[in-house]
Amino acid sequence: MATFQVDLRGMVDLLSRNLYSGPRVYVRELLQNTVDAIAARRLQDPDCPATVTITVADGGLTCRDTGIGLTLQEASDLLSTIGASSKRDELGLSRGDYLGQFGIGMLSCFMVSERIRVLSRSARQPQAPTVEWVGRTDGTYAVRALEAGEDGLDEPGTLVELDGLPGEPWLRADTVRALVDEFGSLLPIDVEVRSGQGGATRTRHAHQEAPWELSRREQRRWCAETLDAEPFDIIDLKVPAAGLRGLAVITSAHPTATAHHTAYVKRMLVSRSAEGLVPEWAYFVRVVADAAHLRLTASREQLVDDDLRAETREAIGAAVRSWLERMARAAPRRFAEFVAAHAVGLRSVAISDADMLELVVRHAPVESTLGPRTLAQLAASGKPVRFTRTVDQYRALADVASSQGIVLVNAGYAYEEEVIAAFLARPDLLEAGADIALVDPGELLEAFSPCSPAEEAQAIEVLMLAAQAIDPEDCEVVMRRFEPATLPALYLPDPDLAGRVAARTSTRAATGVWSEILGVTDPFAGSPVPRLVLNRTNPLVVRLVSARADDAVVTRTLRGLYIQCLLLGHQPLGPKERSWAAEALGSLLDSALPQAQ
Ligand SMILES: Nc1ncnc2c1ncn2[C@@H]1O[C@H](COP(=O)(O)OP(=O)(O)OP(=O)(O)O)[C@@H](O)[C@H]1O
């Protein structure tokens, strides 16, 4: 049977240049091999030295470790076969003790060097001579045992030598130091970087404490420096199935911001933009963690999207949820602060996420005429609850609704109405018998007491004048008795006013032409218009209907009341309404000032 032919140069190119996000990862692959080699040597000699020395000189780099080293046979088999690794068991499964598994990491060095030279002495065969392996980007290699008298290694371990491409910036000493810090700061081995004349400049790296090993105060400082933000809170994370230890940092991130998590595996940095570690609803969480058992992609730059990662995500979600629940119970003020900072985000997620909806319904208060209340509390209040679509409607109707025993909810802020709709569609969350609906001005009007026939008769002239003073298409003026008596009039806007006005305007424009041709009538002509309800219990209204004032005065008063209601309800004023406002104010000032002599 024939076997695949491999174009070696293409293969080397593919695995070195195209697998990784950039050349910088060569430092990580070198470090990782040293860590694995030291781990392997420790299995037979727990007290063996654990040091790595990286020397940057003459445009090249060497990396010397005190690891297990390689025999001639191992060097031929493992370094010369793409995909061969000593870090898998007989069944080809990755071994938990090691970081490597794919047998390709070394090839990443070809991104920065045409040639890789490895000198190695096996700790298993201390008497054997040093082995030399030299590989090139064209896929050729040579392996041999050094002759007596040749410059080999004095002690077991491995030295990897990279020539460096001419002018290669990734091999500059400061870059190498930064990369060692980036990938290896938490590693439990001594790493030294030497540079300058005779390796005179020496810096020590690694051995740093991980963020989750620091005190809370240090963790906060770490967050401020690394995540560029003061955390709202920090949660300790432990997910034994994934061997995960870390922190969930609660940030003020926006739901649309991409969640970047920092993932380490066995204390080696995998990624600062790891994905899939928290459920979508927890968009405000940034995870910093080490997860020994999570699988990595071959480039080792992302976590594999598998069942274990999903299980881990669930567990982290549960930890965040119980943090939220705990805070809602034990520190309501702080919780309110959190909800206020994330109100829009939490609600936007709640619309499509059942768990978040439950949380929002139970813990996030909305503005209501009873004060700030959660939707769950309102549903359990036993009172009719009506919500408004805009903040202005809420302001206009709040007092009147309360006096009618109706609880009014302001659902005028982003996503509030959608959250209420989602809540109403969840019978499992909704209290039986809860009465929650969109406010209907007609319903409010019906709840007002009608005037007596005598009062009606008395008001008939004023109401007829009203139909001339204010265009009935803009607003219909009616009279009722209602509380509070201090309120002379109430403006009941159509809950869908904005949409209706826009539709009517466009229909008017269309029907202007079409009604003539097709005889089409304005479909909005019969729809409910906003109403101005005069309050017969208010002394000013009583005076208006009982004193036979001049028509002009009645007109001005009615328009004045109308403008006052519009302003109170933050309704927009058109040019006509603005001129009425000026007129009303002008006549007020006029009557207040003494007449000129
Ligand atoms: N510093 C070293 N000391 C001892 N053996 C080494 C060293 N570097 C590489 N090796 C040997 O060479 C093999 C191939 O290394 P390479 O970095 O290509 O792959 P890997 O580490 O096994 O897996 P991965 O591709 O996941 O990194 C290793 O399995 C190991 O046996």
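Values in this text are rule-based calculations from the coordinates and carry no lab data. Every value quoted in this text rests on a predicted model; they were computed, and no experiment measured them. As a convention, Cβ positions derive from the backbone with ideal geometry for all residues, glycine included, and neighbour counts pool all protein chains shown.
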Could you work out the relative contact order of region 8-205, using alpha carbon pairs under 8 angstrom and six or more residues apart, expressed as a whole percent? 29
To the nearest 10 degrees, how steep is helix 173-184 against the longest Cα principal axis of the chain, on a 0 to 90 scale? 70
For 483, 301, 155, ascending order of other Cβ atoms within 10 Å (fewest first) is 155, 483, 301
Restricting to Cα pairs below 8 Å that are 6+ residues apart, what does the relative contact order work out to for region 211-328? Please round to a whole percent. 24
Listed with the fewest Cβ neighbours within 10 Å leading, 181, 154, 440 appear as 154, 440, 181
Loop-resident sites, region 416-453, for GluC sites (Glu not before Pro), counting at most 16 other Cβ within 10 Å (DSSP): 431
Per-residue ellipticity at 222 nm attributable to helices in the chain (runs of n ≥ 4 DSSP H, -39500 (n - 2.57) apiece, nearest 500 deg cm²/dmol) works out to -12000 deg cm²/dmol
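Ranked by Cβ crowding within 10 angstrom, fewest neighbours first, how are 473, 367 ordered?
473, 367
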Percent relative contact order for the chain, counting Cα pairs under 8 Å at least six residues apart, stands at 8
Pairing the Cα long axis of helix 453-469 with the longest principal axis of the chain, what angle in degrees results, from 0 to 90 and rounded to the nearest 10? 70
How long is the gain from residue 547 to residue 209 if the chain were fully straight, where each residue apart is worth 0.36 nm and the alpha carbon distance is subtracted? 113.1 nm
By how many degrees, 0 to 90 and rounded to 10, does the Cα axis of helix 391-403 deviate from the longest principal axis of the chain? 60
Just want the answer: with Cβ charges of +1 for Lys and Arg and -1 for Asp and Glu, which residue in 384, 401, 356 is farthest toward the dipole's positive end in region 342-439? 401
Length added when fully stretched, residue 86-residue 236, from 0.36 nm per residue minus Cα-Cα: 50.5 nm
